[in-house]
Amino acid sequence: MAHIERKDALALLHKHVKQEQLIRHALAVEAAMAYFARQFGEDEQEYRVIALCHDIDYEKHPEEHLTHAARMLEEAHWPEEYIRAVLSHGWGICTDVEPKTNLEKTLFTVDELTGLAAASALVRPSKSILDMKAKSVKKKWNTRAFSAGVDRSIIERGAEMLGMELNEVITWTILGMREAADELGLRGTAEG
């Protein structure tokens, strides 16, 4: 199987995505995915590169998200199973590719969750993810006006697919994102 290096995935991301917000989102998903990979004892590099390029076509084709991703990744010589993993995060939204592996289920789950976690961190007095716990995200969970674009039902469905409690999924996502706090602009005033 072909092996994609992180630097190559990052270069591909920067080739197709210019908006800082979308790049930060890719880095947040990457950080969370890397944490999950380690917990599962799976290939962290594989989780990272797929996370970095999961929204490869979103900036150029927001209304046709994931319609162009396969072609873009094929042109970059990505293996079929990596492309499938990218497509699976749109399951039931814009693709019919059901997440089957832990990697695919994790991407499906944390894609939405990283946005909610980042927004929750930014409204804290410290504006930091370093001192945030899952309960801070859960407090905002039922406030639909908060991060209104985040579909909580997708996160819940993903946690169920992973066979994990929602609290644990949120905790792992936060712990992963902490490792990239500076890149994500989520260090705030917390020590860590």
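The values are calculated or read from the model by the stated rules, or taken from the named source; none is laboratory data. Fair warning: this is a prediction, and the values are worked out from it, not measured in the lab. With ideal geometry, Cβ positions are generated from the backbone for all residues, glycine too; neighbour counts draw on all protein chains shown.
In this structure, residue 2 does not satisfy being more than 21 Å from residue 154 (Cα to Cα), of a type in the set (Gly, Ala, Ser), surrounded by fewer than 17 Cβ atoms within 10 Å (Cβ to Cβ) and at pLDDT 95 or above.
In region 27-38, the residues that are closer than 14 Å to residue 170 by Cβ reach residues that are of a type in the set (Ser, Thr, Tyr) and assigned to a helix (DSSP H, G or I) with C-beta atoms within less than 7 angstrom, at least six apart or across chains, in these pairs: 28/114; 32/114; 32/173; 36/47; 36/106.
Check region 168-176 and report whether any residue there is closer than 20 Å to residue 13 by Cβ, surrounded by fewer than 18 Cβ atoms within 10 Å (Cβ to Cβ) and among the hydrophobic types (A, V, I, L, M, F, W, C). No - not one qualifying residue is present in region 168-176. Within region 17-41, the residues that satisfy the criterion of being assigned to a loop (DSSP other than H, G, I, E, B) and surrounded by fewer than 16 Cβ atoms within 10 Å (Cβ to Cβ) are 18, 19, 41. Of note, residue 100 satisfies the criterion of being without any contact (Cβ under 8 Å) to a residue 24 or more places away in the chain, surrounded by fewer than 22 Cβ atoms within 10 Å (Cβ to Cβ) and of a type outside the set (Val, Ile, Thr). For region 80-136, taking the residues that are part of a helix (DSSP H, G or I) and of a type in the set (Phe, Trp, Tyr), the one that is nearest to residue 155 (Cα to Cα) is identified as 108.
Looking at 159, 117, 148, which one is of a type in the set (A, V, I, L, M) and farther than 20 Å from residue 51 by Cα?
Answer to the selection: 148.
The number of residues in region 67-79 being in a helix (DSSP H, G or I), in contact (Cβ under 8 Å) with a residue 24 or more places away in the chain and surrounded by fewer than 19 Cβ atoms within 10 Å (Cβ to Cβ) comes to 0. Go through region 158-192 residue by residue and tally those that are free of Cβ contacts under 8 Å to residues at least 60 places away in the same chain and either more than 17 Å from the chain's Cα centre (by Cα) or more than 16 Å from residue 127 (Cα to Cα) (or both). Within region 158-192, residues that are free of Cβ contacts under 8 Å to residues at least 60 places away in the same chain and either more than 17 Å from the chain's Cα centre (by Cα) or more than 16 Å from residue 127 (Cα to Cα) (or both) number 12. Among the residues of region 137-158, those identified as more than 18 Å from residue 31 (Cβ to Cβ) and not in a loop (DSSP other than H, G, I, E, B) are 138, 139, 140, 141, 152, 153, 154, 156, 157.
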